[in-house]
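See below for the structure under consideration.
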Amino acid sequence: MARKNRRNEFAVIGLGRFGSNLARQLVQRGCTVLAIDRDRALVQSLADELTQVVAMDSTDEDALRALDIGAFDVVVVAIGSSFESNLMTTLALKSLGAKRIICKAMNERQCTVLLAIGANEVLLPEQESARRLAQTLTMPLFVDQIAMGNRYNITEMKAPASFVGKKLSECNLRQNFGVSVVAIEKDNHVIISPPADYVFEADDRIALVGANEQIERLGHLE
């Protein structure tokens with residue numbers, strides 16, 4: 001019986017460390033998750049945590065078709081142990097009309113191949129983890145970042161000490177750094193589009209939008 005397409009329904013194929021953590025996070029956010037792995041013991045261990053867990057070979061196109069895999073909003077191929085399985089699974093998903101396929105890759109070469117055969121997006125988790133650690137070590141004011149294409153991002157950062165006691169307008173962020181303040185979090189309260197006369201305090205967190213190189217300049221403020 002075909003499933004009715006609905007939002008917030010995801011399939012995660014490959015339940016290693018990355019895939020299982022992703023599946024858990026999606027469930028915790030109220031999403032429906034179909035998780036797939038060929039390791040029956042691993043599938044059994046996650047059965048009580050996830051919406052639906054299936055032990056099967058994800059390179060088997062007929063088996064994927066039986067699960068109506070194409071009805072999910074997004075299918076994440078998180079297979080890291082075998083690039084051949086990752087590749088064949090992606091090809092099967094493409095053949096079955098999966099709308100958005102996100103694959104995990106171990107290196108840039110795998111990334112290039114997966115994009116060439118039809119993956120919509122490819123993640124390099126180890127590189128991203130290394131980037132975030134380097135950022136934390138060199139720019140401790142940064143709390144989190146969300147990429148917007150290749151050139152821009154939204155960044156959450158702690159208010160630099162040099163901002164404390166100053167009005168937003170006095171910091172001249174747009175003029176000096178080419179970034180825009182979209183929100184400020186103060187005492188667990190979020191101020192959207194803060195006014196120009198807002199005065200920064202020591203525990204404030206600032207949400208900024210701007211080009212990567214401009215945001216990075218901010219990370220070195222004190």
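Brief remarks on what is shown
- 3J(HN,Hα) along the range 9-22, derived from phi through the Karplus expression 6.51 cos²θ - 1.76 cosθ + 1.60 where θ = phi - 60°, amounts to 10, 10, 10, 10, 10, x, 10, x, 4, 5, x, 5, 5, 4 Hz, with x in place of Gly and Pro.
- Lys, Arg +1 and Asp, Glu -1 on Cβ, resulting dipole of the chain about Cα centre, debye, nearest 20: 420
- Take the convex hull of the alpha carbons in the chain; its mean projected area over all directions comes to 14.4 nm².
- Overall, the range 1-124 carries a charge dipole of about 420 debye about its Cα centre when +1 sits on the Cβ of Lys and Arg and -1 on the Cβ of Asp and Glu, all other atoms neutral.
- Highest-MSF residue in the chain out of 56, 148, 157 [GNM, Cα springs under 10 Å]: 148
- Size descriptor, Kirkwood hydrodynamic radius, that averages inverse alpha-carbon separations across the range 9-126, Å: 13.8
- GNM result for the chain, Cα springs below 10 Å: residue of 16, 80, 178 fluctuating most strongly: 178
- Residues 85, 20 in ascending order of nearby Cβ atoms (within 10 Å, fewest first): 85, 20.
- Distance histogram in 5 Å bins (all Cα pairs of the range 136-218, percent per bin): 3, 15, 28, 29, 18, 6, 1
- Radius of gyration and Dmax over the Cα atoms of the range 17-64, both given in Å: 10.7, 30
- Highest to lowest packing among 101-109, 184-192, scored as the average C-beta count within 10 Å: 101-109, 184-192
- Nearest-ten-degree value, helix 125-138 long axis tilted from longest Cα axis of the chain: 20
- The chain: calculated mean residue ellipticity at 222 nm from DSSP helix runs of at least 4, using -39500 (n - 2.57): -9500 deg cm²/dmol
Any read-out appearing in this document is the output of simple, stated calculations on the displayed coordinates, not a laboratory observation. Since we're looking at a predicted model, the values are computed, not measured. FYI the Cβ positions are ideal-geometry reconstructions off the backbone, even for glycines, and counts take in every protein chain you see.
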